[in-house]
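The values are calculated or read from the model by the stated rules, or taken from the named source; none is laboratory data. Please read these numbers as outputs of a predicted model, since none were measured by experiment. No Cβ is skipped: glycine too gets one built from the backbone with ideal geometry, and neighbour counts run over all protein chains shown. Just the protein is used for accessible areas: all its heavy atoms, side chains included, with ligands, DNA and RNA removed. Shrake-Rupley method; radii C 1.70, N 1.55, O 1.52, S 1.80 Å.
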Amino acid sequence: MPISPYMICGAIVFCLFCAHESSAAGAASEYTAARVDMVMRQIADRGVRDERVLSAMRKVPRHEFVPAAERRNAYRDTPLPIGEGQTISQPYIVALMTELAEADSSDRVLEIGTGSGYQAAVLAELVRHVYTIEIEPALAQRAKQALDQLGYRNVTVRAGDGYAGWPEHAPFDIIMITAAPDHVPQPLIDQLKSGGRMVVPVGPIAATQQLRVLEKDTTGKVTTKVVAPVRFVPLRRNSD
Ligand code: SAH
């Protein structure tokens, strides 16, 4: 299409307007564009189809959950350091685990391994309430702050060892573990509702782990499906 003088003029006017935009607003729209791109290339193109999950991933500002020095990397196809030797998972893994959870808007969810709080925020977009436990008190504190600042009223963060779950709020429709145990903790199986699902990476620390989905049927019988090889930080015990 030939460029008309009006279009050129329009472009100049638009650019002048851009120059007057505050740098914060400019950065925010850059992040939004990066997020849309992340969802298309890293997540939808790799087979995540659930539109509710894609829309939550487009909405949650991942850059608000990483340390300032990592912000410019927030939408890259990789895990990132979040302090205390821990990492925020790669965006695709967060989306895949969320899709596997088959979340419903009435669900109550338990997450073990709050880390940055990002996965909790993605789940919070889809369900009624997220209870999340983080063993590193400094991370629990930071995650709580980020979630509060972004207005997530339906997430409760607790510092502690998640191996034993959170019996006061059990049973849960969904349990998601975002650190790898070498076996599925029995207290967490016990705290899963009949008809509920657990998404968990299982395996030894030094090797690849298996991402598994456990389903508890209405009779209490548990079946396990192995989904994909993954690498997670280990689920530690308070005695470690
Ligand atoms: N879901 C996080 C990423 C998790 S990384 C996010 O979205 O950012 C795994 C986290 O599990 C780490 O922060 C680690 O400290 C925590 N963790 C390890 N063992 C744990 C345990 N027993 N109970 C609770 N959290 C644990």
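Residue check: is residue 138 open to solvent by 30 Å² or more (accessible area, probe 1.4 Å), of a type outside the set (Lys, Arg) and not in a loop (DSSP other than H, G, I, E, B)?
Against the criterion (open to solvent by 30 Å² or more (accessible area, probe 1.4 Å), of a type outside the set (Lys, Arg) and not in a loop (DSSP other than H, G, I, E, B)), residue 138 qualifies.
Sort out which residues of region 225-234 are open to solvent by less than 80 Å² (accessible area, probe 1.4 Å), of a type in the set (Val, Ile, Thr) and either in contact with a helix residue (DSSP H, G or I) (Cβ under 8 Å, 6 or more places away or on another chain) or without any contact (Cβ under 8 Å) to a residue 60 or more places away in the chain (or both), and write them in order of number.
Hits for region 225-234 are 227, 230.
Of all residues in region 109-128 being more than 10 Å from the ligand (Cβ to nearest atom) and closer than 25 Å to residue 39 by Cβ, which is surrounded by the fewest Cβ atoms within 10 Å (Cβ to Cβ)?
Among residues in region 109-128 that are more than 10 Å from the ligand (Cβ to nearest atom) and closer than 25 Å to residue 39 by Cβ, the one surrounded by the fewest Cβ atoms within 10 Å (Cβ to Cβ) is 128.
Listed residues 76, 108, 128; which is closer than 21 Å to residue 185 by Cα, among the basic types (Lys, Arg) and modelled with pLDDT of 95 or more?
Exactly one of 76, 108, 128 is closer than 21 Å to residue 185 by Cα, among the basic types (Lys, Arg) and modelled with pLDDT of 95 or more, namely 108.
Could you please let me know if residue 212 is in a strand (DSSP E or B) and either closer than 10 Å to residue 112 by Cα or within 10 Å of the ligand (Cβ to nearest atom) (or both)?
no
So, of the residues in region 91-108 that are within 12 Å of the ligand (Cβ to nearest atom) and touching a residue at least 40 places away in the same chain (Cβ under 8 Å), which turns out to be most open to solvent (accessible area, probe 1.4 Å)?
93
Need pairs with beta-carbon distance below 9 Å; first residue on the phi < 0 side of the Ramachandran plot and within region 148-164, second of a type in the set (S, T, N, Q) and modelled with pLDDT under 95; sequence gap 6+ or separate chains.
161/238; 161/239; 163/238
Could you count how many residues in region 215-224 are open to solvent by less than 40 Å² (accessible area, probe 1.4 Å) and either in contact with a helix residue (DSSP H, G or I) (Cβ under 9 Å, 6 or more places away or on another chain) or within 16 Å of the ligand (Cβ to nearest atom) (or both)?
Residues that pass the stated criteria total 1.
Out of the residues in region 68-88 that are within 14 Å of the ligand (Cβ to nearest atom) and of a type in the set (Gly, Ala, Ser), state the one that is farthest from residue 24 (Cα to Cα).
The qualifying residue farthest from residue 24 (Cα to Cα) is 85.
Does residue 175 satisfy the condition of being surrounded by fewer than 20 Cβ atoms within 10 Å (Cβ to Cβ), outside any loop (DSSP other than H, G, I, E, B) and more than 12 Å from the ligand (Cβ to nearest atom)?
no
Where the second residue is assigned to a strand (DSSP E or B) and more than 8 Å from the ligand (Cβ to nearest atom) and the first is within 15 Å of residue 237 (Cβ to Cβ) and lies in region 127-138, which pairs have Cβ atoms under 7 Å and are six or more apart or on separate chains?
Sorted first by the residue in region 127-138, then by its partner, the pairs are 133/158; 134/157; 134/159.
Which one of these is open to solvent by 40 Å² or more (accessible area, probe 1.4 Å), in contact (Cβ under 8 Å) with a residue 40 or more places away in the chain and charged (D, E, K, R): 237, 212, 197?
Result of the check over 237, 212, 197: 237.
Per-residue answers, yes or no, for (1) away from the ligand (no atom under 15 Å from the Cβ); (2) open to solvent by less than 20 Å² (accessible area, probe 1.4 Å); (3) under 14 Å from residue 237 (Cα atoms); (4) in contact with a Gly (Cβ under 6 Å, 6 or more places away or on another chain):
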site: 161; (1), (2), (3), (4): no, no, yes, no
site: 181; (1), (2), (3), (4): no, yes, yes, no
site: 190; (1), (2), (3), (4): yes, no, no, no
site: 207; (1), (2), (3), (4): yes, no, no, no
